[in-house]
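Novice: The following block contains the structure, expressed as structure tokens.
The values are calculated or read from the model by the stated rules, or taken from the named source; none is laboratory data. Keep in mind that what you see is a predicted model, and the values were worked out from it rather than measured. Note that each Cβ is placed from the backbone with ideal geometry, even for glycine, and that neighbours are counted across all protein chains shown. The protein model used for the area step is the full one, side chains on, heavy atoms only, and it has no ligands, DNA or RNA in it. Shrake-Rupley method; radii C 1.70, N 1.55, O 1.52, S 1.80 Å.
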Amino acid sequence: VERFLQILKILEDSGVKTYVFIPPVAPSTIKQINVLQDKFKYIKELQSILKSKNINIYDYHDPAEMHTSDCEFIDGYHGGDVLYYRILQDMSKRDISNTLSRFI
């Protein structure tokens, strides 16, 4: 995580606009993650660390955020084109700098 934060700092210092997002997992996958929460504690820890560092992060880990279903995923972890298009649209609407909206 510290190395990732260093990379973000280098990008920011170089004037590169960076967007950080946590992609969703399929609804059936999130159900299993919730059942096995002890084995997946690192996910909440990572979310907490990134948010505490005042990074503008778009967190879509929970598929309910995008009102999606298993059919929008290639497998339990990789969304399809339609899902990622909807995520990009959502990010552009929430982007306070309006940088993304110029391209969407």
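Novice: Would you check which residues across the range 49-70 are open to solvent by 70 Å² or more (accessible area, probe 1.4 Å) and assigned to a helix (DSSP H, G or I) and list them? I'd like the intermediate steps shown before the answer.
Specialist: We begin by selecting, within the range 49-70, every residue open to solvent by 70 Å² or more (accessible area, probe 1.4 Å); these are 51-54, 56, 62, 65, 67, 70.
Matches in the range 49-70: Lys51, Ser52, Glu65, Asp70.
Novice: Another one. Please enumerate the residues belonging to the range 8-33 that are farther than 30 Å from Ala64 by Cβ and either outside any loop (DSSP other than H, G, I, E, B) or among the charged types (D, E, K, R) (or both).
Specialist: Here is the first cut: in the range 8-33, the ones farther than 30 Å from Ala64 by Cβ are 9-16.
Across the range 8-33, the qualifying residues are Lys9, Ile10, Leu11, Glu12, Asp13.
Novice: Only residues that are farther than 19 Å from Val20 by Cα, in contact (Cβ under 8 Å) with a residue 24 or more places away in the chain and β-branched (Val, Ile, Thr): list them for the range 68-104, please.
Specialist: Selection gives Thr68 alone.
Novice: Give Phe73, Phe40 a once-over and let me know the one that is among the aromatic types (Phe, Trp, Tyr), farther than 28 Å from Leu8 by Cα and surrounded by 13 or more Cβ atoms within 10 Å (Cβ to Cβ). Talk me through it step by step, then tell me what you get.
Specialist: Working: Phe40 fails: farther than 28 Å from Leu8 by Cα.
That would be Phe73, the only listed residue that is among the aromatic types (Phe, Trp, Tyr), farther than 28 Å from Leu8 by Cα and surrounded by 13 or more Cβ atoms within 10 Å (Cβ to Cβ).
Novice: Which ones in the range 20-37 are surrounded by 14 or more Cβ atoms within 10 Å (Cβ to Cβ) and within 22 Å of Ile7 (Cβ to Cβ)?
Specialist: Phe21, Ile22, Pro23
Novice: Take the range 50-73 and flag every residue that is under 15 Å from the mean Cα position of the chain (by Cα) and acidic (Asp, Glu).
Specialist: Hits for the range 50-73 are Asp59, Asp62, Glu65.
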